[in-house]
Amino acid sequence: MTTQRLYSGMQPSADSLQAGNYIGALMQWRNMQEEYDAFFSVVDLHAITVPQDPAELREKTRRTAAQYIAAGIEPSKSTLYVQSHVRAHAELAWILSTITGFGEAGRMTQFKDKSQRYGESATSVGLFTYPVLMAADILLYQTNVVPVGDDQKQHVELTRDLAERFNARFGEAFVVPEPVIPQGSARIYDLQNPTSKMSKSADSHAGVLWLLDDVSVTAKKIMRAVTDSDGTVRYDRDAKPGVANLMTIYGAVTDTTAAEIEDEFAGRGYGDFKKAVRDAVVAEFEPVRTRALELLDDPAELDRVLAVNAAKADAVADATLSDVYDRVGLLRRG
Ligand code: TRP
């Protein structure tokens, strides 16, 4: 049996990734790259669907790529590249947009949320067709599995519909991909507001753990995390969201279950527990941070690695795109 192909990506939307990206995505990707022929992109073309400062976008793109590598995505094993380096993405997105229904795209809940948040005048056509570009990302590589969070599942369903529609109309050009919510990928919540997802767009950053922060800052944020007055380390997402969230984080970085954590801290207070969470997170983040900063110290070398990987991606993407152009009936340049 041939190795299954995996595709995923993340937007270069901040200078540093946060613990939610690290635990929910990067740690999973790192494990999955052993089993799959994996492609991971930094999706800069998706990032510009909302306004970006050009110099900052370039910097965030490099920083995001550096953090992928520092977290253990190996550019010699996986294909780790910048989306805009591979022209086929924009080209296939155009073709797919011609078989996507206007109403179908309009039903995407992320578009509805974002367009409401930004207002009509700031909502671009690119934001509307964002999921079509995401479908192009996935379909160019004949992807079997797409690890994503809940919020992206609808986009992968659209991708499946577009693949099936294209294949039915023009012949089998695409593998129809499956979304997977990776095992052990956990949703991480804000440490100060543990009923909302940890996010770079939180009003205050007091509850957000940044991978590239000095670890002393991370340590302080963990010690100040909101808990409750019950005093026992017990997993109850509804009644004890702060403690449950710290347990999820601790469990992810120490590879232990909630039951094991409850046993470990039975009869001990939150002070002890938080110190253990702090030490485990600092031990996990520190080498990643150090490695990412080292990589960023030598941008020429980082750019070289990304160029080698973009060439690997190009080869696969071009083959799919060329087949698609033929099937659609575009006259090839003689
Ligand atoms: N839209 C995804 C997100 O914001 C990122 C993304 C772009 C992606 N293209 C992809 C994820 C292809 C998986 C596969 O999280």
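The values are calculated or read from the model by the stated rules, or taken from the named source; none is laboratory data. Only a predicted model underlies this, so the values are computations on that prediction, with no experimental measurement involved. So basically every Cβ, Gly included, is an ideal-geometry build from the backbone, and we count neighbours across all protein chains shown.
General observations
- Here the range 30-71 is the region considered, the condition is being under 18 Å from ARG289 (Cβ atoms) and among the hydrophobic types (A, V, I, L, M, F, W, C), and the residue that is surrounded by the most Cβ atoms within 10 Å (Cβ to Cβ) is ALA65.
Listed here are the residues, each with its yes/no results for (1) in the same structural domain as SER97 (by TED's automatic domain parsing); (2) exposed (fewer than 14 other Cβ atoms within 10 Å of the Cβ); (3) within 12 Å of the ligand (Cβ to nearest atom).
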| position | (1), (2), (3) |
| --- | --- |
| TYR118 | yes, no, no |
| SER121 | yes, yes, no |
| THR129 | yes, no, no |
| ALA135 | yes, no, yes |
| ASN144 | yes, no, no |
| ASP151 | yes, yes, yes |
| HIS155 | yes, no, yes |
| THR159 | yes, no, yes |
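- Tally of residues being within 19 Å of GLY207 (Cβ to Cβ) and either at pLDDT below 95 or of a type in the set (S, T, N, Q) (or both) across the range 253-287: 0
- When each of ALA71, ALA90, ALA55, ALA65 is tested for being small (Gly, Ala, Ser), over 16 Å from the mean Cα position of the chain (by Cα) and more than 14 Å from the ligand (Cβ to nearest atom), the lone residue that passes is ALA55.
- Subset of the range 114-131 [assigned to a helix (DSSP H, G or I) and either on the phi > 0 side of the Ramachandran plot or out of contact with any helix residue (DSSP H, G or I) (no Cβ under 9 Å at 6 or more places or on another chain) (or both)]: GLN116, ARG117, GLU120, SER121, VAL125
- The set of residues in the range 42-94 that are part of a helix (DSSP H, G or I), aliphatic (A, V, I, L, M), within 22 Å of THR123 (Cα to Cα) and in contact (Cβ under 8 Å) with a residue 40 or more places away in the chain comprises LEU45, LEU57, ALA90, ALA93.
- In the condition set (1) out of contact with any Lys or Arg (no Cβ under 8 Å at 6 or more places or on another chain); (2) touching a residue at least 60 places away in the same chain (Cβ under 8 Å); (3) of a type outside the set (Gly, Ala, Ser), LEU302 is compliant with all but (1).
- Qualifying position, being in contact with a Gly (Cβ under 9 Å, 6 or more places away or on another chain) and crowded, with 17+ Cβ neighbours inside 10 Å, among ALA280, ALA252, ALA313: ALA252
- Of residues in the range 210-251 being assigned to a helix (DSSP H, G or I) and of a type in the set (D, E, K, R), the one nearest to SER185 (Cα to Cα): LYS221
- Taken over the range 1-19, the criterion of being within 12 Å of the ligand (Cβ to nearest atom) and at pLDDT below 95 is satisfied by SER13 alone.
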